[in-house]
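Scroll down for the structure; my scribbles are underneath it.
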Amino acid sequence: MKNGSMDLGKSAKVAPLVDRVRALVRDEALPAEAEYHAEVGKHPDGRFARTARQIELLEGLKAKARGEGLWNFFLTDSEKGFGLTTVEYAYLAEEMGWSMHFGAEIFNCSAPDTGNMEVLERFGSESQKKRWLAPLLEGEIRSAYLMTEPDVASSDATNLEFSASRDGDAWTLNGEKFWASGAGDPRCKVYILMAKTGGDDAARHARHTMFAVAADTPGIEILRPMQVFGHDDAPHGHMHIRFTDVQVPDDAVILGEGRGFEISQGRLGPGRIHHCMRAIGQAERALALMCRRAVSRTAFGKPLAKLGANYDIVAECRMGIEQARLLCLKTAWLMDQGDPRAAAPWISQIKVVAPRIALKTVDEAIQMWGGAGVSQDTPLAGMWTALRTLRLADGPDAVHRMVVARTELKRHVNEAL
C-alpha cells in the first residue's frame, strides 16, 4: 500500500476547488439545464443535432470552466490531469452530480469520455493519442464506448460475440452493439470497441481485443436510439449500431490482440466509482428539494414535515447518504493504493449502494412533491430515471453482489474445512 493511514477528508489542495466547482455548477449550470433541454428537437436536422443555443450554453460554460483552470480533474495519477487522488476527485464529482445533464461535461469530466481517455492515455499508441486523446482532452470531440451487445449477457465481458477477423494488415468488424451512450451526439468521433478476435480454444480472458474506430468509417450504421423509460436522451443518445464488413487498420488495436478484457477491467473500475460519486450529488440535491418542500408546503393545517412519517423519512435519507459517501470515499482510497484486485469488491459494494440510496432519496422527494414530483416542474423524474438506469449500467446489482459475496465467502473457506 502507498499509505498506511486512511485519510478521507478534503485535502488543502482540493478544498478550494470544491468551492469553485460548486459555485459554477449551482449558480450557472443548474439554471441553464431547463433551457438546454427545451431546445431538443428544434434543429431542422432532428433531435440528435444541437441547436445554436445549446452550443452557446454548453460551450460557454466549458470555456468558463477551462478559463478558470477547472478542467480534466478525472485523470488521476497522470501528468495530463490535475494531479488529484481518487479521494480528492470524489468530492469534485459529487458537486458535478448536482447537474445531472452537463455538470460533469463543463469540466471535461463526463462519461463515457473519461473512461475512454483513461484507456487511450494508459494503453493507447502514440498515433492513437495524437488522433483521439488530444482532441478529447481539449473537449473538442466526444466518444462512445461500445461493449454491450443485444444478443448476449454483456455483464460477462467474455460472452461478447461481436467479431473482428484479421485481413492482412487490417481487420474486418461485424456485429451489433447497443447502449452506445453518447453515440448520438454529432460531436462523437471515435468509438472504443470490444470485439472477439480469438476462437473458443483460446484462454477465456484472452479472446477479445479493444479497438479505436473512427465513427464515420464506412459500413457503420446507427439503427436507432435506445429509449430509457420512454426517453431517447437526445442529443446525447444511447445508440444501437450495426457494423457490416467494417475495415479498420491494424493500428486501431489498443495495447495488443487479446488484451481487451484486461483493458475493460481497468476502464470500468474508475468509471463505476465516478458514477457513484455523482449519484451522491444527485441524492444531496434530491434531499434538499425534499426538505424545502417539507417546510414550505402546508396540508391539513401543518407543514408537510410534520405529517405522517416525514421526519423519519428525512432522517433516513440523510443517514443513508452519509453512509454511502463514506463507503465511496473508502473505495476511492483503496483505489489510490494501487491494488486493483483489493479495490474490486469495494467498487462492487459502492456500485450497489450509491445508486440504491440515491434512488430511494429521489423517490421520497417525489412523494413529498406529489404530482409535481413526476412532472417537468422539478428535475426529480429525470433524476429517478437516470439513477434507476445506473443500477444496470457497468454491471447490474446482482453481478456486483456476487463479487462481494464471493470475496466474503473466500475468507471463510479454510475455516469450514
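The values are calculated or read from the model by the stated rules, or taken from the named source; none is laboratory data. Nothing here was measured: the structure is a model prediction, and the numbers come from that model. Positions of Cβ are backbone-derived with ideal geometry, glycine not excepted, and every protein chain shown enters the neighbour counts.
Does residue 324 fit the bill of being more than 23 Å from residue 5 (Cβ to Cβ) and either at pLDDT below 95 or part of a helix (DSSP H, G or I) (or both)? Considered against the rule, which asks whether it is more than 23 Å from residue 5 (Cβ to Cβ) and either at pLDDT below 95 or part of a helix (DSSP H, G or I) (or both), residue 324 comes out as no. Consider residue 143 carefully, then state whether it is assigned to a loop (DSSP other than H, G, I, E, B), of a type in the set (Ser, Thr, Tyr) and either modelled with pLDDT of 95 or more or not assigned by TED's automatic domain parsing to the domain that holds residue 395 (or both). Considered against the rule, which asks whether it is assigned to a loop (DSSP other than H, G, I, E, B), of a type in the set (Ser, Thr, Tyr) and either modelled with pLDDT of 95 or more or not assigned by TED's automatic domain parsing to the domain that holds residue 395 (or both), residue 143 comes out as no.
Could you list, in sequence order, the residues of the range 80-135 that are in contact (Cβ under 8 Å) with a residue 40 or more places away in the chain, of a type in the set (A, V, I, L, M), under 30 Å from residue 252 (Cα atoms) and not in a loop (DSSP other than H, G, I, E, B)? Once the filter is applied, which keeps residues that are in contact (Cβ under 8 Å) with a residue 40 or more places away in the chain, of a type in the set (A, V, I, L, M), under 30 Å from residue 252 (Cα atoms) and not in a loop (DSSP other than H, G, I, E, B), the range 80-135 yields 106, 117, 119, 120.
Out of all the residues in the range 147-165, is one or more aromatic (Phe, Trp, Tyr), farther than 13 Å from residue 242 by Cα, assigned by TED's automatic domain parsing to the domain that holds residue 225 and surrounded by 16 or more Cβ atoms within 10 Å (Cβ to Cβ)? No, there is no match, as no residue in the range 147-165 is aromatic (Phe, Trp, Tyr), farther than 13 Å from residue 242 by Cα, assigned by TED's automatic domain parsing to the domain that holds residue 225 and surrounded by 16 or more Cβ atoms within 10 Å (Cβ to Cβ).
Looking only at residues in the range 166-180 that are more than 15 Å from residue 221 (Cα to Cα) and charged (D, E, K, R), the one that is surrounded by the fewest Cβ atoms within 10 Å (Cβ to Cβ) is 169. For the subset of the range 235-290 comprising residues that are touching a His at 6+ places or on another chain (Cβ under 9 Å) and closer than 29 Å to residue 50 by Cβ, which member is modelled with the lowest pLDDT? Looking at residues that are touching a His at 6+ places or on another chain (Cβ under 9 Å) and closer than 29 Å to residue 50 by Cβ, I get 272. One residue stands out in the range 363-376 among those that are modelled with pLDDT of 95 or more and either charged (D, E, K, R) or not in a helix (DSSP H, G or I) (or both): the one that is surrounded by the fewest Cβ atoms within 10 Å (Cβ to Cβ), namely 375. Scanning the range 377-417 for residues that are over 24 Å from residue 100 (Cα atoms), basic (Lys, Arg) and part of a helix (DSSP H, G or I) returns 401, 406, 410. Out of curiosity, is residue 64 surrounded by 13 or more Cβ atoms within 10 Å (Cβ to Cβ), among the basic types (Lys, Arg) and either in contact with a Pro (Cβ under 9 Å, 6 or more places away or on another chain) or not in a helix (DSSP H, G or I) (or both)? So residue 64 fails the test.
Counting just the residues of the range 208-231 that are part of a loop (DSSP other than H, G, I, E, B) and either modelled with pLDDT under 95 or of a type in the set (Gly, Ala, Ser) (or both), which one comes out farthest from the chain's Cα centre (by Cα)? Out of the qualifying residues, it is 219.
Taking residues in the range 242-270 that are at positive phi, and partners anywhere that are part of a strand (DSSP E or B) and not aromatic (Phe, Trp, Tyr), the pairs with Cβ atoms closer than 8 Å and at least 6 places apart or on different chains are 245/172; 245/173; 245/174; 255/210; 256/209; 258/208; 258/209. Only one of these is within 28 Å of the chain's Cα centre (by Cα), buried (at least 19 other Cβ atoms within 10 Å of the Cβ) and aliphatic (A, V, I, L, M): 329, 304. Name it. Selected residue: 329, the only one of 329, 304 that is within 28 Å of the chain's Cα centre (by Cα), buried (at least 19 other Cβ atoms within 10 Å of the Cβ) and aliphatic (A, V, I, L, M).
You will find that of 45, 7, 27, 113, the residue that is within 23 Å of residue 189 (Cβ to Cβ), surrounded by fewer than 21 Cβ atoms within 10 Å (Cβ to Cβ) and acidic (Asp, Glu) is 45 and no other. Kindly provide the set of residues from the range 188-225 that are surrounded by fewer than 17 Cβ atoms within 10 Å (Cβ to Cβ), closer than 30 Å to residue 47 by Cβ and of a type in the set (D, E, K, R), ordered by number. Those that are surrounded by fewer than 17 Cβ atoms within 10 Å (Cβ to Cβ), closer than 30 Å to residue 47 by Cβ and of a type in the set (D, E, K, R): 216, 221, 224.
Taken over the range 17-42, the criterion of being in a loop (DSSP other than H, G, I, E, B) and charged (D, E, K, R) is satisfied by 39, 42.
Output the qualifying pairs, or none if there are none: Cβ atoms under 6 angstrom, residues six or more apart or on different chains, first residue in the range 293-312 and assigned by TED's automatic domain parsing to the domain that holds residue 363 and part of a strand (DSSP E or B), second residue modelled with pLDDT of 95 or more and surrounded by fewer than 16 Cβ atoms within 10 Å (Cβ to Cβ). Once the first residue is assigned by TED's automatic domain parsing to the domain that holds residue 363 and part of a strand (DSSP E or B) and sits in the range 293-312, its partners that are modelled with pLDDT of 95 or more and surrounded by fewer than 16 Cβ atoms within 10 Å (Cβ to Cβ) give 303/295. Listed by first and then second residue, the pairs linking a residue in the range 336-356 that is assigned by TED's automatic domain parsing to the domain that holds residue 397 and among the acidic types (Asp, Glu) to a residue that is assigned to a helix (DSSP H, G or I) and modelled with pLDDT of 95 or more, with Cβ atoms under 7 Å apart and 6 or more places separating them unless they lie on different chains, are 336/87. Report yes if residue 93 is hydrophobic (A, V, I, L, M, F, W, C) and more than 15 Å from residue 273 (Cβ to Cβ), otherwise no. So residue 93 fails the test. Here residue 366 does not fit the description of being closer than 21 Å to residue 280 by Cβ and within 22 Å of the chain's Cα centre (by Cα).
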